[in-house]
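Report on one structure; see the data block that follows.
The values are calculated or read from the model by the stated rules, or taken from the named source; none is laboratory data. These numbers were taken from a predicted model, which means no experiment stands behind them. Reconstructed Cβ throughout: ideal geometry from the backbone, glycine too, with neighbour counts over all protein chains shown. Ligands, DNA and RNA are stripped out before the accessible areas are found, and what is left, the full protein with its side chains, is counted by its heavy atoms. Shrake-Rupley method; radii C 1.70, N 1.55, O 1.52, S 1.80 Å.
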Amino acid sequence: MIKILREVEPQFLKDNKVQLWDDLSQAISQYGTYAKIPDDRKEKLIHKYRHKDVKDALIKSTEGKCAFCECIPSEGGNIEVEHFRPKSLYPSETFEWENLLPACRRCNSAKDDHDTGLNPIVNPYNEDPSDFFYYEGLNLKGRQGPLNDVAELTIQVCGLNTLRLWEPRSKIFISLHDFEASLKTSLENYEEAKTPIKKRNRLMSIREAIDRIEMLARRSEKYSGFCSHYLNKSSIYAEAKELVSKI
C-alpha cells in the first residue's frame, strides 16, 4: 500500500449527488432502513456511484492499481468502486467523493461491510501507509507504536498477507535478490578495473542496472510499495547509488 492523491471530484457527482441521495433517503424512510429496501430497487437507486466518470477518476489516482494491495485487475479481479465507510452502514455517504476508492474484487470482498467508522483502518488517500507498515520477508507488518492496532487491523480486514499476495511478492523478491547479487559483482568489478575506460564502462553498467530495477519501484508499477521497501533496506543498492552520484 502506498500514499495516493485523490483526483478532483467528477462533475457527474457534483451535479447529481444531492438528488441521488434525496431519492435514496426517501426509500430508506419508506422501508424503515437501508437494508430493507428491496434489492432490485436499491440497485436502481445506488448504481450511479459506479458511473464511468467516477470509476475513471479513481482508477487514474492509483494508475490502475487496487488502493489497498496494489495489484492490477488481472490478479485481484476487476477494480471496483469501494465505499471506505460501508454504504450499508453509512448510506448518506453512498455518493460522497471522499468516501470512494478503487479496490480489487478480492480486497473489496474481504473488507465487506467492516465498520471503518467504529474500527478504523488505513485509508491511503488520507494517511501515508509508510507511517503504519513495513515489510518483513513477504509479509506486511504493522509498525510498533500508537498506530500498530490500526495497521494490524487493516492487514487482517483487507487480507494483505495471503497466498494471493505472497506469490507475486515472492517473484519480485527473487528478482530483487538476484539484482543485489549482480550489483554486488558489478561493484567488485568496478573496484578491480585498472583503466579509466574500464571503470567508465563498468560504471555505466551499474547505472543501467539501477535504472532497470528502479522501474519496479515506480508508483505506477504493481506492488511498488514492496519494491521500494526492499531497495530502501538494501546496503548494496545504497552503495551503488552513492557511487554513481559522485561520478
Next item on the list: For the stretch 8-55, enumerate the residues that are out of contact with any Leu (no Cβ under 7 Å at 6 or more places or on another chain), among the charged types (D, E, K, R), open to solvent by 50 Å² or more (accessible area, probe 1.4 Å) and in a helix (DSSP H, G or I).
Entry: Lys14, Asp15, Asp22, Asp39, Asp40, Arg41, Glu43, Lys44, Arg50, Lys52, Asp53, Lys55
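Within the stretch 159-176, work out how many residues are free of Cβ contacts under 8 Å to residues at least 12 places away in the same chain and surrounded by 13 or more Cβ atoms within 10 Å (Cβ to Cβ).
Restricting attention to the stretch 159-176, the residues satisfying the condition of being free of Cβ contacts under 8 Å to residues at least 12 places away in the same chain are 162-163, 167, 171, 174.
Within this subset, residues satisfying the condition of being surrounded by 13 or more Cβ atoms within 10 Å (Cβ to Cβ) are 162.
Summing the residues that are free of Cβ contacts under 8 Å to residues at least 12 places away in the same chain and surrounded by 13 or more Cβ atoms within 10 Å (Cβ to Cβ) in the stretch 159-176 gives 1.
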Item checked: Residue among Leu58, Leu5 that is outside any helix (DSSP H, G or I), within 30 Å of Tyr134 (Cα to Cα) and hydrophobic (A, V, I, L, M, F, W, C) -> Leu5
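May I ask you to list the residues in the stretch 171-214 that are of a type in the set (Asp, Glu) and within 27 Å of the chain's Cα centre (by Cα)?
Matches in the stretch 171-214: Asp178, Glu180, Asp211, Glu214.
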Check: Among (1) at pLDDT below 90; (2) exposed (fewer than 11 other Cβ atoms within 10 Å of the Cβ), where does Lys199 come up short?
Finding: (2)
Checklist line | Check on Ile155, surrounded by 15 or more Cβ atoms within 10 Å (Cβ to Cβ), under 21 Å from the mean Cα position of the chain (by Cα) and free of Cβ contacts under 8 Å to residues at least 40 places away in the same chain | finding: yes
Item checked: Number of positions in the stretch 111-131 that are in contact with a helix residue (DSSP H, G or I) (Cβ under 7 Å, 6 or more places away or on another chain), open to solvent by 20 Å² or more (accessible area, probe 1.4 Å) and under 25 Å from Glu7 (Cβ atoms) -> 2
